[in-house]
Amino acid sequence: MSPRERVLQLVGAARRLADPADPLGQRARRELASTTGLSPQGIEVALTQCLETSPSEAELQALCASVSLSERGWVLLSANVFTAAHRAIALALAASDDVRVRPSRREPVFARLLAEAAPGLFAVSEQLEPQPGDTVWAYGSDATLAGLQRSLAPGVTLKAHGEGFGVVVVQEQDAAEMGWWPLCDAIVRDAVLFEGRGCLSPRLLLVNAADPFAERLSQELLLAFDRVAQAIPRGALQRDELADVSWYRECIFSLGEYHCHAGGSVARVRGNVQLLPPPGRVLQVCQVEQEVNTVNMLAPRLTSVARVGDRLAAALLRAAPRARHCQLGQMQRPAFDGPADPRGS
Amino acid sequence: MSEPQVLLRSDALHQQVQRFVNASLQRPPAAHEFERLALEIAAFQAQYCAPVGRLFAAHGTRLAALALLPALPSDVFRLTRVAVHAPAADTRVFRTSGTTAAHSGLHPLHRLDTYRVASVAGGRLALLGRVQRATVVALLPPPADVQHSSLAAMCGFFMDAFDACPLPGEAAAGACSQSARRWLVSSQGIDVQRLREAVVIANQRSEPLLLLSTSLALLALLQQLGTERLPLPPGSVVMQTGGSKGRVHEVDPDALRTQLARALGIEPSRVISEYGMTELGSQMYEGHLWHGRNEPGLYFAPPWLRVTAVDPVSLQPCAAGQVGLARFVDLTNVDSALIVLSHDLIREEDGAIRLLGRQASSPLRGCSLLSEALLEGAAQ
């Protein structure tokens, strides 16, 4: 099989899991509830709207072109975004016809179901034994990836994707042009997917505006969280995530404002972009003087930049050339054209 | 209140704290004495230290009982200025180091003397025991090279307070910390020869040697010593502080203690660990000399520092024996934050504190692998 054919076979497997009428799709919905903590509606949205089941020919070609051929491919999977397994495995399949996948211990279901849906396409492995000539695709903290790099034998290629997050740039005229509800619903829809655990999840909203606008934005976001939670109820957070939320809340109390609704929480601070919100439907509105400059300052850590319209598009692209750039509401649906986080590619 | 008035109020509180420290060396303070002074400091900070004021306001805090007051997370020290006074009134600004945080935290001090009084009092109890004097050297760079290090400042205080005699070439006692001969780390590594000389001098004086160091510097010392044995005088103590979090090679404290005892000819119990944070003016120590309890990893707080374990999610006090985040109430933090919440996990054990590492943050913000999976995988 050619790389393209292998990737297409995997996409076919993903299509089965996305299909609620397919027995494997039904198992996915049942079993992912316990391993991800997401609500059934959260799983449904992820499977039907975030999982890439209909890539274009151009996307397939780009994805295959984004990797170098490898003797063998190893994939270490994350628990945070279960659908990310699909793209990670696709990249390895584009590079090699011998792919071994080590699923996350916390969320092993999705990779195993993909393997069932595409028998023989890749192997699920409990071990990581890369040999010279192999490629390892791994995602993690910078320190952890550095540790992994040191542990690998010479000749093993590590495709490491480190820490990162998404930002949204909002201007005053966006609210006037889109209306508060559509604007905030689009932002929040990106934020609630995977309970904000994704590397593409928006965490900071950069606004170059005075207090009244930032305050109104915060309030409208809270209302949007409540609206969206009607359709996609909150999932369960792990205890370490809940601890992070508590810690973050106390920090924000000391720095700015923190408002909590049933559907989500919004923090508002001036300037301070060093502190990132934890997972769990938390957004931080940062009042900054120069949003493009701030994006540029954050660029090494940015995976995704969302905006409204094309007013700032060129400037933002220059400010963070290695991040994905998109319109609001599209942050969790990047083209199937390579790694979700393109910084390490 | 104008800035001069704030500083006057600060000065008055500093004096009260210093009196508290000195008095508590004579007799254990009553709980209500601690509480009264703590609430007075908290009220001062609520009014003049903006982050503390905002935190209290967000919680709707009433300054009625110490247990009800919220703690400032230690991260806030790296996110904003935590001080009652303006930068112009800073005497020293200590900076965090050795952590994995992307940015340093700052702890600005209007007065240094309370830090000195409290740290010397605590150090005397924990490191000297019944001995009055010791020859003191540190495996640290000279303070001039690390002006923002609270640890170097504290070690300097110990040299000036505990060491009676100048070393050859030093001007006078009481200013020992000014001498480069006391600071045995440079860009070339550990100055083992100077350490040998200090051992000879301590032996001539019939004094113990107090060797102050970070764990990493002690590891370097052992490496430089190799197979050499450098027996310290009887009664000597090694104070080790600082973990190796975020470093490539973590230091196993038990192994380090054993190796040090062997190399320096002392009992393992005389390697005493100190726990300190730049964000705190007070320290905890293992209690071999202080409380007669030789249990590695079990720390004791001085009377002017209260440490409790709080649940990481609810931030409420843990049930007895449960593990939680360390919540410090430190009377010496007059001008910053009286109550500080740390990422360190602890368990309260019969009047002492068991340190259990750091709270792991949730998997990092995105497509992170669990580090244990990565490391296990890498090891295979």
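Structural remarks
- Compared with the alpha-carbon gap, the fully stretched path from A:Ala146 to A:Arg112 is longer by 9.5 nm at 0.36 nm per residue.
- Projected label distance in nm at A:Gln41 and B:Arg27, using a 7 Å step from Cα toward the beta-carbon: 6.5
- Put a plus charge on the Cβ of each Lys and Arg, a minus charge on the Cβ of each Asp and Glu, and nothing anywhere else: the dipole of the range A:89-140 about its Cα centre is then about 240 debye.
- Calculated [θ] (222 nm, deg cm²/dmol) that DSSP helices of n ≥ 4 give over chain A, each run adding -39,500 (n - 2.57): -13000 deg cm²/dmol
- Exposure proxy order (Cβ contacts within 10 Å, fewest to most) of A:Trp137, A:Trp180, A:Trp247: A:Trp180, A:Trp247, A:Trp137
- Here B:Ala144 and B:Arg196 are evaluated by their C-beta separation; at R0 = 25 Å the FRET efficiency comes out at 0.55.
- Note on B:His59/B:Ser186: beta-carbon distance plugged into 1/(1 + (r/R0)^6) with R0 of 51 Å gives a FRET efficiency of 0.60.
- Options B:Ala64, B:Ser24, B:Thr308, ranked by Cα towards positive dipole end of chain B, top entry (Cβ charges): B:Ser24
- Membrane-span-like helices of chain B, defined as complete DSSP H segments with a Cα extent of 24 Å or more along the helix axis and a mean Kyte hydropathy of at least -1.0, are identified as B:3-26, B:31-48.
- Radius 11 Å from Cβ of A:Ala117, net charge of other residues (Lys, Arg +1; Asp, Glu -1): +1
- Considering only B:Ala319, B:Ala31, B:Ala301, the Gaussian network model of chain B with Cα springs below 10 Å gives its largest mean-square fluctuation to B:Ala31.
- Rounded FRET efficiency, nearest 0.05, which uses the C-beta distance separating A:Asp240 from A:Leu24 and R0 of 41 Å: 0.85
- Amide H contacts under 5 Å for B:Arg92, placed H, 5+ residues apart: B:Leu109
- Net charge of the neighbourhood of B:Val323, taken over other residues with C-beta under 9 Å away and scored Lys/Arg +1, Asp/Glu -1, is +2.
- Inter-chain Cβ neighbour count for A:238-250, averaged per residue, equals 6 (cutoff 10 Å, partner chain atoms only).
- Residue-averaged 222 nm ellipticity for chain B, from DSSP H runs of 4+ at -39500 (n - 2.57), nearest 500: -10500 deg cm²/dmol
- Highest mean first, the peptides B:289-295, B:86-92, B:114-120, B:53-59 sorted by other C-beta atoms within 10 Å per residue fall in the order B:114-120, B:53-59, B:289-295, B:86-92.
- Taken about its Cα centre, the protein assembly as shown carries a charge dipole of roughly 700 debye when the Cβ of each Lys and Arg holds +1 and the Cβ of each Asp and Glu holds -1.
- Counted charge near A:Arg311, where neighbours are those whose Cβ lies closer than 12 Å (Asp, Glu -1; Lys, Arg +1): -4
- Label-point separation in nm, B:Val93 to A:Arg318, each point 7 Å along Cα→Cβ: 3.3
- Cysteines without a disulfide-compatible partner [chain A; Cβ-Cβ under 4.7 Å]: A:Cys50, A:Cys64, A:Cys184, A:Cys251, A:Cys260, A:Cys286, A:Cys326
- Computed from label points 7 Å out along Cα-Cβ, the spacing between A:Ala176 and B:Gln322 is 5.3 nm.
Read the figures in this text as sums done on the coordinates, not as results from a lab. Source: prediction; values computed, not measured. Please note: Cβ atoms are built from the backbone with ideal geometry, for glycine as well, and neighbour counts cover all protein chains shown.
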